[in-house]
Amino acid sequence: MLGIVAAIVLFFAFLINAADLSTNDVFTSTNVMLIGLALLALHVSGVGGGWATRGRRR
């Protein structure tokens, strides 16, 4: 799930950068890109991975 969110956030960072939109200091393309990369790092590390397999019940 975090991988999909990271992809969306990185896409918005690309749109802000490509369209040369002037945003306030919080939502610059660099800050949005760093948030997306942090979400991607969390996804790769296993946070928010979904179902965890704990073995079979008998």
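Cβ contacts < 7 Å: first residue over 15 Å from Ile35 (Cα atoms), restricted to region 1-23; second residue of a type in the set (Val, Ile, Thr) and open to solvent by less than 70 Å² (accessible area, probe 1.4 Å), any location; separation 6+ or different chain. Result?
Note: pairs meeting the criteria are Thr23/Ile16.
Mind listing whichever residues of region 1-30 are farther than 16 Å from Val44 by Cβ, in a helix (DSSP H, G or I) and open to solvent by less than 60 Å² (accessible area, probe 1.4 Å)?
Answer for region 1-30, where residues must be farther than 16 Å from Val44 by Cβ, in a helix (DSSP H, G or I) and open to solvent by less than 60 Å² (accessible area, probe 1.4 Å): Ala13, Ile16, Ser29.
The values are calculated or read from the model by the stated rules, or taken from the named source; none is laboratory data. Since the model is a prediction, treat every value here as computed from it, not as a measurement. Please note: Cβ atoms are built from the backbone with ideal geometry, for glycine as well, and neighbour counts cover all protein chains shown. For the accessible areas, the whole protein counts, side chains as well, though only heavy atoms, and no ligand, DNA or RNA atoms are used. Shrake-Rupley method; radii C 1.70, N 1.55, O 1.52, S 1.80 Å.
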